[in-house]
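The values are calculated or read from the model by the stated rules, or taken from the named source; none is laboratory data. Please read all numbers here as calculations on a predicted model, not as lab measurements. Reconstructed Cβ throughout: ideal geometry from the backbone, glycine too, with neighbour counts over all protein chains shown. Accessible surface is based on the protein model in full, side chains and every heavy atom, while ligands, DNA and RNA are left aside. Shrake-Rupley method; radii C 1.70, N 1.55, O 1.52, S 1.80 Å.
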Amino acid sequence: MTAKTPPRTYRVKSFGCQMNVYDGERMAELLATRGITPAPEGEDADLVVLNTCHIREKAAEKVYSDIGRLVKAGKAAGREPMIAVAGCVAQAEGEEIMARAPAVSMVVGPQAYHRLPEMLDKAVKGERATDTDMPPIAKFDALPERRKIGPTAFLTVQEGCDKFCTYCVVPYTRGAEISRPYSDLVAEAHKLVEAGAREITLLGQNVSAWSGEDTKGHKVGLAGLIRDLARIDGLKRIRYTTSHPADMDDALIAAHGEIDKLMPYLHLPVQSGNDRVLKAMNRSHTAESYLRLLERFRAARPDLALSGDFIVGFPGETEAEFADTLALVDAVGYAQAYSFKYSPRPGTPAATMDGQVPKDVMDDRLQRLQALLNRDQHAFNEGSVGKTCQVLIERKGKHANQWLGKSPWLQSVWFDGDYTIGDLVEVELLEAGPNSLAGRIIEPVIA
Ligand code: 5AD
Ligand code: SF4
């Protein structure tokens, strides 16, 4: 490769989960320390970071077509964009990417992106660089300070997963479970609030497995961390995601009833409602133990909104087993949920299991499951009509004077008025749609 002009503008395109969004922001902060600025809307960037996801579908193929598109657009404009591939596809398929896509200058895994600036120096000299090392924690220590952000922020507290669900690629791409130290998290949360955050979502592939030691040397779990973060003035709301049923302890359940700033929302993936399938997935819960767990959460916080993840068409799943998933959905009444067709991930045990389910069967099951989930989401929204609640304003609406924010139950709420992003307002919920609610301001701005 020949030497390149140092990039002046960048664009980070993050796909997949919220942790990729967090990583994308941190990569942007790193590039900013080099004086590289975000490419203006609608303009091509000198450096494009494709922050990829490997969890489902033909993720790798998508990366190659994105690269192809960037190269083509560059040629048409008489320029050659610098391309970095980051995220979980980079981790899983870094070498192949380098071999197949000569236009890529940098391949950097999710645990190594703090080294992006040095890789950039090499790329400018014309050297291609791959870094898919997995040094735990090092990344966080090497990242620059948080910069000005919007009212909602992500904070990665835990990374990696030791659960090895048989369909999932995460334990291979994100590595073993690690918890970031307590004091680092408290410091970063303070920084985020100083930078404008009023709501923080604590992130981890297995966030409820977070553990650490507080300043007095006492062992604390996620509930203890949330309790301490709730003391930060100016921080109004705390959320966390994603949890595994196996790591939900009494303290976390109790926290939902005791900490006002902890929002009444729980994302707790179940994946299937059938015990044979759950076992084959290497999930450690049964449908019954999952329902029991939810009962305990609801006892602590009766208005808790529940969310989950589902996979249809796991290898060997029969129609009767799928019907158990529908029955579980009926029993829970989710406020919101994510559902996916099973996608074989190279290197995972399920990918080579017998009984791979045909695509048309998966399509049909997904459609039926989503019909139920949509029905329940709409019903949950309908059930909120008439309530008043606080809404944190996240952005302007499509019409003049219209604003959009989130309810404590993570519903999108629209209303009119003259406000500022980041305002917390008291709203009466007036009308429910499938994906959002219309509201009316009761109390303009809550300090
Ligand atoms: N196929 C389909 N869905 C998957 N998920 C994880 N791996 C796969 C896969 N191979 C889903 C699970 C998980 C969510 C993040 O993605 O439901 O909870
Ligand atoms: Fe994947 Fe299971 Fe770990 Fe979640 S708990 S990241 S689904 S292996």
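Considering only residues that are of a type in the set (D, E, K, R) and either within 13 Å of ligand 1 (Cβ to nearest atom) or not assigned by TED's automatic domain parsing to the domain that holds Ser307 (or both), which ones fall in region 360-378?
First, pick out the residues of region 360-378 that are of a type in the set (D, E, K, R): 360, 363-365, 368, 375-376.
Passing the criteria: only Arg365.
Could you tell me how many of the residues in region 249-261 are open to solvent by 20 Å² or more (accessible area, probe 1.4 Å) and assigned to a loop (DSSP other than H, G, I, E, B)? Looking only at that region, the number is 3.
Inside region 101-116, residues that are under 12 Å from Leu143 (Cα atoms) and open to solvent by less than 10 Å² (accessible area, probe 1.4 Å) make up a count of 3. Quick one: how many residues across region 137-156 are in a loop (DSSP other than H, G, I, E, B) and either over 25 Å from His244 (Cβ atoms) or within 16 Å of ligand 2 (Cβ to nearest atom) (or both)? Residues that pass the stated criteria total 9.
Looking only at residues in region 158-185 that are in a loop (DSSP other than H, G, I, E, B) and out of contact with any helix residue (DSSP H, G or I) (no Cβ under 8 Å at 6 or more places or on another chain), the one that is farthest from Glu317 (Cα to Cα) is Pro181.
Of everything in region 117-136 that is part of a helix (DSSP H, G or I) and among the basic types (Lys, Arg), the residue that is least open to solvent (accessible area, probe 1.4 Å) is Lys122. The set of residues in region 157-216 that are under 19 Å from Pro135 (Cα atoms), over 17 Å from the mean Cα position of the chain (by Cα) and either near ligand 2 (Cβ under 10 Å from one of its atoms) or not assigned by TED's automatic domain parsing to the domain that holds His244 (or both) comprises Asp162, Tyr172. Contact map, region 333-352: residues that are over 22 Å from Tyr172 (Cα atoms) and more than 7 Å from ligand 1 (Cβ to nearest atom) paired with residues that are among the aromatic types (Phe, Trp, Tyr) and in a loop (DSSP other than H, G, I, E, B), Cβ distance under 9 Å, separation 6+ or inter-chain. Pairs shown: Ala335/Trp409; Gln336/Trp409. In region 65-85 there is no residue that is open to solvent by 10 Å² or more (accessible area, probe 1.4 Å), within 19 Å of Ala112 (Cα to Cα) and either assigned by TED's automatic domain parsing to the domain that holds Gln205 or outside any loop (DSSP other than H, G, I, E, B) (or both). Of the candidates Glu29, Glu43, Glu57, Glu25, the single residue that is over 24 Å from Gly347 (Cα atoms), assigned to a loop (DSSP other than H, G, I, E, B) and of a type in the set (Asp, Glu) is Glu43. Considering each residue of region 211-218 in turn, at least one proves to be open to solvent by 20 Å² or more (accessible area, probe 1.4 Å) and within 24 Å of Ser289 (Cβ to Cβ).
Sub-6 Å Cβ pairs linking a first residue in region 54-79 that is touching a residue at least 24 places away in the same chain (Cβ under 8 Å) and over 18 Å from Pro110 (Cβ atoms) to a second residue that is of a type in the set (Lys, Arg) and in a loop (DSSP other than H, G, I, E, B), at least 6 apart or interchain, number zero. Residues of region 149-171 being in contact with a His (Cβ under 9 Å, 6 or more places away or on another chain) and either within 19 Å of Lys139 (Cβ to Cβ) or more than 16 Å from ligand 1 (Cβ to nearest atom) (or both), which ones? Those that are in contact with a His (Cβ under 9 Å, 6 or more places away or on another chain) and either within 19 Å of Lys139 (Cβ to Cβ) or more than 16 Å from ligand 1 (Cβ to nearest atom) (or both): Cys161, Val170.
Is it the case that Ala323 is without any contact (Cβ under 8 Å) to a residue 40 or more places away in the chain, away from ligand 1 (no atom under 16 Å from the Cβ) and hydrophobic (A, V, I, L, M, F, W, C)?
On the way: without any contact (Cβ under 8 Å) to a residue 40 or more places away in the chain: yes; away from ligand 1 (no atom under 16 Å from the Cβ): yes; hydrophobic (A, V, I, L, M, F, W, C): yes.
Yes, satisfied.
The criterion of at least 2 residues that are in the same structural domain as Ala379 (by TED's automatic domain parsing) and within 13 Å of ligand 2 (Cβ to nearest atom) is met by the following strands (runs of 3 or more DSSP E) wholly inside region 262-344: 305-312, 336-341.
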